[in-house]
1. Among the residues of the stretch 68-84, are any surrounded by 15 or more Cβ atoms within 10 Å (Cβ to Cβ) and among the small types (Gly, Ala, Ser)?
2. Name the residue, out of 187, 204, 195, that is assigned to a helix (DSSP H, G or I), farther than 20 Å from residue 84 by Cα and modelled with pLDDT of 90 or more.
3. Only one residue in 52, 11, 16, 44 is without any contact (Cβ under 8 Å) to a residue 40 or more places away in the chain, within 24 Å of residue 131 (Cα to Cα), out of contact with any Cys (no Cβ under 7 Å at 6 or more places or on another chain) and among the β-branched types (Val, Ile, Thr), so which one is that?
4. Return the residue satisfying two criteria in turn: it lies in the stretch 1-59 and is of a type in the set (Lys, Arg) and under 26 Å from residue 195 (Cβ atoms), and of such residues it is surrounded by the most Cβ atoms within 10 Å (Cβ to Cβ).
5. Tell me yes or no: at least one residue of the stretch 144-162 is touching a helix residue (DSSP H, G or I) at 6+ places or on another chain (Cβ under 6 Å) and farther than 21 Å from residue 126 by Cβ.
6. Can you find, within the stretch 148-176, the residue that is surrounded by the fewest Cβ atoms within 10 Å (Cβ to Cβ) among those that are within 20 Å of residue 37 (Cα to Cα) and of a type in the set (Phe, Trp, Tyr)?
7. What tally of residues in the stretch 1-15 results from selecting those that are modelled with pLDDT under 85 and among the small types (Gly, Ala, Ser)?
8. Within 26 Å of residue 40 (Cα to Cα) and without any contact (Cβ under 8 Å) to a residue 60 or more places away in the chain: is that true of residue 194 in this structure?
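The values are calculated or read from the model by the stated rules, or taken from the named source; none is laboratory data. Since the model is a prediction, treat every value here as computed from it, not as a measurement. Heads up, the Cβs are rebuilt from the backbone with ideal geometry, glycines too, and the neighbour counts pull from every protein chain shown.
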Amino acid sequence: MMDLLLALLFIGLTVIVYVGARSFYQKYPYPFTLPLVVGTVVMIIILVAFNIPYDTYKVGGEWIEKLLGPAVVALAYPLYNQLNMLKKYFTSIIVGVFVGAIIGIVSGLQLAKWMGVEEILIYSLIPKSVTTPVAMDVAKTIGGAPPLAAVFVMVAGIGGVVLAPYIFKCFKINHYIGKGIGTGSAAHAIGTAKALENSEEEGAASSVAMTLSAIVVSIFGPMLVFLLV
């Protein structure tokens with residue numbers, strides 16, 4: 001009974017915080033005020049301020065996490081609507097995703113080596129740009145720590161969404177295909193959610209990039225580790 005009450009409490013709290021963060025973003029639509037960023041910061045402050053252990057929050061939070069699977073599957077809808085567009089840019093999408101995924105692996109690996117971090121951190125960082133379940137499996141396969149991989153995925157997702165508008169502006173990337181592929185390859189599901197806010201075309205391209213990146217990283221991640229570490 002206590003677990004049920006805790007679950008309802010923290011589910012309700014999370015929803016309230018998200019709704020508040022979304023309202024704040026609608027009023028002040030800047031990259032650093034994205035609901036995911038603001039909501040995460042507010043939830044951390046609440047847990048720390050009231051000395052609530054993460055495991056206690058997880059009693060309710062894990063039920064929200066379980067909705068991630070259906071949410072990812074729901075991305076098939078914009079894909080279906082934009083099927084003709086995906087066929088038109090098929091080659092560009094495939095090449096862009098492959099290059100983006102490989103750069104994501106190599107950049108994380110080389111940066112970690114340059115900083116001289118432990119190998120377990122290097123292996124956990126490599127799959128940072130793909131969705132959490134895939135990243136955790138890849139990290140476990142190559143000798144990393146799945147929980148650390150999940151943290152790096154979250155950092156990559158939030159960081160990608162926050163920095164993407166500035167990067168697109170700096171390099172004058174205006175086409176929805178380029179923006180969608182870049183966002184999906186670097187910021188996985190979090191980036192795809194943001195891309196869908198911009199347009200269904202960009203969201204569809206990002207969804208394809210997210211899916212294909214997971215495949216590329218699963219295949220080439222272990223190979224590059226063997227060659228470069």
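1. So far as the stretch 68-84 goes, no, none of its residues is surrounded by 15 or more Cβ atoms within 10 Å (Cβ to Cβ) and among the small types (Gly, Ala, Ser).
2. Going through 187, 204, 195 in turn, the sole match is 187.
3. Just one listed residue meets the conditions, 44.
4. Here the residue is 22.
5. Yes; the residues of the stretch 144-162 include at least one that is touching a helix residue (DSSP H, G or I) at 6+ places or on another chain (Cβ under 6 Å) and farther than 21 Å from residue 126 by Cβ.
6. Restricting to residues being within 20 Å of residue 37 (Cα to Cα) and of a type in the set (Phe, Trp, Tyr), the top hit is 166.
7. Residues that pass the stated criteria total 1.
8. Numbers: within 26 Å of residue 40 (Cα to Cα): yes; without any contact (Cβ under 8 Å) to a residue 60 or more places away in the chain: no.
So residue 194 fails the test.
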